[in-house]
1. How large is the helix-only mean residue ellipticity at 222 nm for the chain, computed as the sum of -39500 (n - 2.57) over DSSP H runs with n ≥ 4, divided by its residue count, in deg cm²/dmol to the nearest 500?
2. Quick one: Cα convex hull volume of region 215-310, Å³ per residue?
3. Counting only protein heavy atoms, what percent of the accessible surface of the chain is carbon or sulfur at a 1.4 Å probe?
4. Under a 1.4 angstrom probe, counting protein chains only, how are H497, H423, H80 ranked by accessible area, largest first?
5. Between K429 and E416, 0.36 nm times their residue separation minus their Cα-Cα distance comes to what?
6. Any idea of the accessible area per residue across the chain, 1.4 Å probe, to the nearest Å²?
7. I'd like the antiparallel share, as a percent to the nearest 5, of DSSP beta bridges with both residues in the chain.
8. According to the square roots a ≥ b ≥ c of the eigenvalues of the Cα gyration tensor, what is the shape class of region 446-565, taking rounded for a/c under 1.5, prolate for a/b larger than b/c otherwise, and oblate for the remainder?
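The values are calculated or read from the model by the stated rules, or taken from the named source; none is laboratory data. All values derive from a computational prediction rather than experimental measurement. Glycine gets a Cβ as well: all are built from the backbone with ideal geometry, and neighbour counts include every protein chain shown. Each accessible area value is taken on the protein alone, full model and side chains, heavy atoms only, with ligands, DNA and RNA left out. Shrake-Rupley method; radii C 1.70, N 1.55, O 1.52, S 1.80 Å.
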Amino acid sequence: MGTDVKKYQGVGIGEAIAFGRLRLFHRPDRHVNYIHIADAESEAARFRQAKTLALRQLDELCERTLRDAGEESAAIFTAHQLMLEDAVYNDSIHSIIRDQLVNAEYAILCTAKAFAEKFEAMEDPCLKARTADVQDVSDRLIRILSGSDSCLTASEEKIILCADDLTPSEAAALDRDKILAFVTAKGSLSSHTAILARNRNIPAVIGVGEEFLREQIDGTKAVVDSCTGEVFLEPDEAALKKLLEKQRLLTEKKYLLQELRGRENITLDGKKIDIYANIGSVEDVKSALANDAGGIGLFRSEFLYLERSDYPSEEEQFAAYKKVLEGMAGRQVIIRTLDIGADKQADYFHLKQEENPALGCRAIRLCLMRPEIFRTQLRALYRASAYGSLSIMFPMITAVSELEKILAVCDEVKKELRRQGIHFSDQVKLGIMIETPAAALISDKLASMADFFSVGTNDLTQYTLACDRQNPDVEQFVDPHHEAVLRLIEMSAESAHRHGIRIGICGELGADTTLTEAFLRMGIDELSVSPDLVLRIRQAVRGIDLSKTVTPLQTAQNPAYNTGS
């Protein structure tokens, strides 16, 4: 690449390279005037009328998005409808109108700011991403009240759209036939806008920084590489040649990957491995099946608890678990029990502020401290087990005594269901996550009590290296290839096989193809990854030859191992 080519770095969404001209997105002025009003009731009625119209618009948007991008994306706008109906949100707007005698637009703006600040302060990236959602909902109300509307840049040619950020509504309104890609100065991978981009197959680079928008970029020729998160301005002939070649190879790679559909996950020397998908919602089942996953290696059940104002009932949970099991049609489904706490917070749990939340009341600790929540989830899970092949997995285990308590509660729940004449499968397997050094170090004892292990490498790395995964200041010290992390995984695999149980990896390292061979040599039986990575891992597995005599650590693609240091 030419050294004089101007480049901006962000985070890429999708795997594509787009060539085109940049066009700035012009959003209507969001300025809201403060207006003193005399009749609070009339102003409140004006707000309610706007809310009714907003709900109707969101209903139409939800239907269109369902057709264009699937259930996961459409659910974003169902969540927007729920936010519009949220009692706290509505009470705040009404109170400001009544107490301050101000116009509805200003009351909405104040409420949106308070809600956005609350979400922005949260550590969980999924909840932090709701900042854009509350802004989107509030902007919609303000536009209706003021009689203005959002306006995406019209163009006869295909363009690369640029903006400070895009709300989910704006991203859903993009014309896929006219938008080659989009670039934003702000944004996060867990935002709903990012989800929409992925599901609508629109390549994007987000978070390139405010300086990007200060450039005279409108009309500039550019290339967006969503694989690397790079945006090149006015690339020269040499740069263009390299990027065109990369585009050709990407197209060829996607074609070859699709040829792997229906093939076995088997190494050159005949070792088979299961490749499953990690999901966070019922809607993700469709993506898991579309990408030929052999099962679900991790269903993060906490997402049934987040983005709501009260605990999900047993019936609500049962319906969700049943739908996942039925959707997977007999394939293995591993559902992790509630993992709330630390970076995943829900206000109605009323958790105390903690000095070190990652080391505090979270996951299985919370479930054992609040058995009524735990029992409700277990009842729903066991009831759903009659509709498929269910395994239940417990997070954040550190002691044998914890697992003994868990197994006792499971037995109590099963006895209760039998007394009530409620049918459930007697083939449900109970496993634990190896995500603390403590669990790995006593894995020989835990393996004698559990039906399977699954390694959560994100937390295992955090706790082993004493690096807070939410703290960007220590990111430079986080080495997921660290020998200590790999040795703990290998130790856990040896314990599992000594006791005749299976072990999988469901953390981020499961998708790291530089470690795939090392994991197979350790004896890992299953890798569970994001649905869109299933075929890539299958490709890696099918290219490995385990007949060579090499230790697992020697195969890890890390200079420290290769040099023997």
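1. For the chain, the value works out to -14000 deg cm²/dmol.
2. Working: hull volume 17.8 nm³, N = 96.
Roughly 185 Å³ of hull volume per residue.
3. 50
4. Numbers: H497 80, H423 135, H80 5 Å².
Descending accessible area places them as H423, H497, H80.
5. Taking K429 through E416 to full extension adds about 2.8 nm, to one decimal.
6. Dividing the accessible area of the chain by its residue count gives 45 Å².
7. Details: 19 of 59 bridges.
So the antiparallel bridges amount to about 30 percent of the total.
8. Numbers: a/c = 1.33, a/b = 1.15, b/c = 1.16.
Taking the square roots of the gyration eigenvalues as a ≥ b ≥ c, region 446-565 is rounded.
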